[in-house]
Amino acid sequence: MRVLLGLLLAGGAVLPAVPAQAAIEPVAHTDAVRPDDPGYARQWGITRTHVNDAWSTVRGSSGVTIAIVDTGVNRLPDLAPRMLTGHDFVNDDDDPADDNGHGTMAAGVAAATGNNKTGVAGVCWSCKILPVKVLNAKGDGGYDTIAEGIRYAADQGAAIISLSLGGSEKSQILSDAVSYADQKGSLVVAAAGNAGSPLPHYPAAIPSVLSVGGVDQQDHRYSWSNYGSWVNVTAPGCNLAQRRDGVTDEYCGTSSATPFVAGVAGLLASTDPAPTAAQIRVALTGGRLDALRSLAALPYAGDKTKPVLAFGATPAQARGVVTVTAAAADQHGVSRVELYAGGKLIGTDVSAPYTFRWQSAPRNGVVPLDLRAYDRAGNLTQTRRYVRADNLAPAVKLAKAATSVTVRATDASGIARLELVVNGKVTSRYSGSVRKFSVPARAKNVQVRAYDKAGNVRVAGVRR
């Protein structure tokens, strides 16, 4: 039986119907990551789904394989280093090159290398890619071939099997292949289809498959995306990806949303402890895709990976009340961050951005500031920074003469400036610690102000 798969490209143009028979490496970064790939600025889906925040702690793992069961995948520089050999079920050989372009773009959305100044940033940077060609140059394939591809991917140990294809009719051969993949521990992710219809689309509508619909930047369903209770999750339906010739283009449709979800599934599969396919499916199911929410939804019992933690904006010198910020991230979520000054707890914050207000007075001298971050499993990370507290005004000595005054100021933090104030008005300023100021002979009220580099001020009156 033949069924149709619609493929959308930039601008929403629909290509001719494509026949198909439907029978972590942990990293030590704490801020949202902004890779240097040329196309990243236009990849709105990454930030909208908080994938860039998830990258702070997990970007995939070489032990996790995502199978792209499609038209094949070309060995572009953004993909080749992590591509496995794969198989071509159309021509029955081990060269699953892409003669259509659909599969290469799907692979790029899921797992193009990020932060390499090339193309775009895929979702799962370190995941292996298994190319499985089941559709020919026209996008034509049969349920039996697709089923073979699913079984092959499962046998190769693929944690995630991404299917940007499907049709409107049920198929026992597809259901059996999906069941086989389930038993092997693979999560099958499939496109909901582009007919704008509530009618089930297969294999997406097979109960154990994670079915994916497409939404726009405002989380509104694209008019072309199928919908209904059988759709498990929605994801960005238009994403940048490299075509099979390496040119970057917009790639739209549930065919694009599906590998995006597959990439996030790869991130989840890369966490510690390794979740099952069923646990990943539950973590991803429901509403619009959110990578951080999905990570937090995974079971964390047995998690031994510590949070990553760093000081944010913290002054080198402290005077009075100062603000201290921290950046913290963890694969399963940070439960709290604490700030200590000189061993004393200053405050606790349970949500980002982690911000503390520390009253440094009356301290003077070097003070150790300690941050402690705890994840949901109780793993602890600590980091220390030394800050010089200066809450003491400068010392000032005056040498007076008939029409002048010489000021000498000293301070542990250094002198920022000296000012001469005559009758309530600043008449002279000097950047330094020693200065001879001229004083008007008939001035009634004369003062000298000395400011240190921490902002403390000493006011000394000049008696005439």
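The values are calculated or read from the model by the stated rules, or taken from the named source; none is laboratory data. Remember, it's a predicted structure, so these values are computed and weren't measured experimentally. Note that we place each Cβ from the backbone using ideal geometry, even for glycine, and neighbour counts take in every protein chain shown.
Among the residues that make up the range 400-421, is at least one of them of a type outside the set (Ser, Thr, Tyr), closer than 30 Å to residue 330 by Cβ and in contact with a strand residue (DSSP E or B) (Cβ under 8 Å, 6 or more places away or on another chain)?
no
Any idea which of 363, 357, 388 is surrounded by fewer than 17 Cβ atoms within 10 Å (Cβ to Cβ) and more than 30 Å from residue 303 (Cβ to Cβ)?
Every option except 357 fails the conditions.
Going by what's in this entry, would residue 266 be described as at pLDDT 95 or above and surrounded by 21 or more Cβ atoms within 10 Å (Cβ to Cβ)?
Considered against the rule, which asks whether it is at pLDDT 95 or above and surrounded by 21 or more Cβ atoms within 10 Å (Cβ to Cβ), residue 266 comes out as yes.
Of the residues 73, 69, 109, 120, which is in a strand (DSSP E or B), assigned by TED's automatic domain parsing to the domain that holds residue 236 and either under 20 Å from residue 155 (Cα atoms) or under 22 Å from the mean Cα position of the chain (by Cα) (or both)?
It is 69.
Sort out which residues of the range 330-345 are out of contact with any Lys or Arg (no Cβ under 9 Å at 6 or more places or on another chain) and either modelled with pLDDT under 95 or not aliphatic (A, V, I, L, M) (or both), and write them in order of number.
Listed by number, the residues that qualify are 331, 343, 344.
Restricting to the range 400-426, what's the tally of residues that are surrounded by fewer than 17 Cβ atoms within 10 Å (Cβ to Cβ) and modelled with pLDDT under 95?
Final tally of qualifying residues: 10.
Would you confirm whether any residue within the range 368-377 is out of contact with any strand residue (DSSP E or B) (no Cβ under 7 Å at 6 or more places or on another chain) and surrounded by 18 or more Cβ atoms within 10 Å (Cβ to Cβ)?
Within the range 368-377 (the criterion being out of contact with any strand residue (DSSP E or B) (no Cβ under 7 Å at 6 or more places or on another chain) and surrounded by 18 or more Cβ atoms within 10 Å (Cβ to Cβ)), the answer is yes, since at least one residue qualifies.
Among the residues of the range 143-166 satisfying the criterion of being surrounded by fewer than 22 Cβ atoms within 10 Å (Cβ to Cβ) and assigned to a loop (DSSP other than H, G, I, E, B), which is farthest from the chain's Cα centre (by Cα)?
156
Are any residues in the range 32-66 under 25 Å from residue 309 (Cα atoms), in contact with a helix residue (DSSP H, G or I) (Cβ under 9 Å, 6 or more places away or on another chain) and either basic (Lys, Arg) or not in a loop (DSSP other than H, G, I, E, B) (or both), and if so, which ones?
34, 46, 47, 51, 52, 53, 54, 58, 59
Against the definition (surrounded by 24 or more Cβ atoms within 10 Å (Cβ to Cβ) and part of a helix (DSSP H, G or I)), how does residue 258 come out, yes or no?
yes
For the range 124-142, give me the residue count where each residue is in a strand (DSSP E or B) and over 30 Å from residue 295 (Cα atoms).
1
Would you confirm, using the coordinates I've provided, whether residue 171 is out of contact with any Lys or Arg (no Cβ under 7 Å at 6 or more places or on another chain), buried (at least 21 other Cβ atoms within 10 Å of the Cβ), over 21 Å from residue 259 (Cβ atoms) and of a type in the set (S, T, N, Q)?
The answer is yes for residue 171.
May I ask you to list pairs of residues, at least six apart or on different chains, whose Cβ atoms are under 8 Å apart, with the first in the range 263-290 being closer than 19 Å to residue 106 by Cβ and the second being of a type in the set (D, E, K, R)?
Between residues of the range 263-290 that are closer than 19 Å to residue 106 by Cβ and residues that are of a type in the set (D, E, K, R), the close pairs are 267/59.
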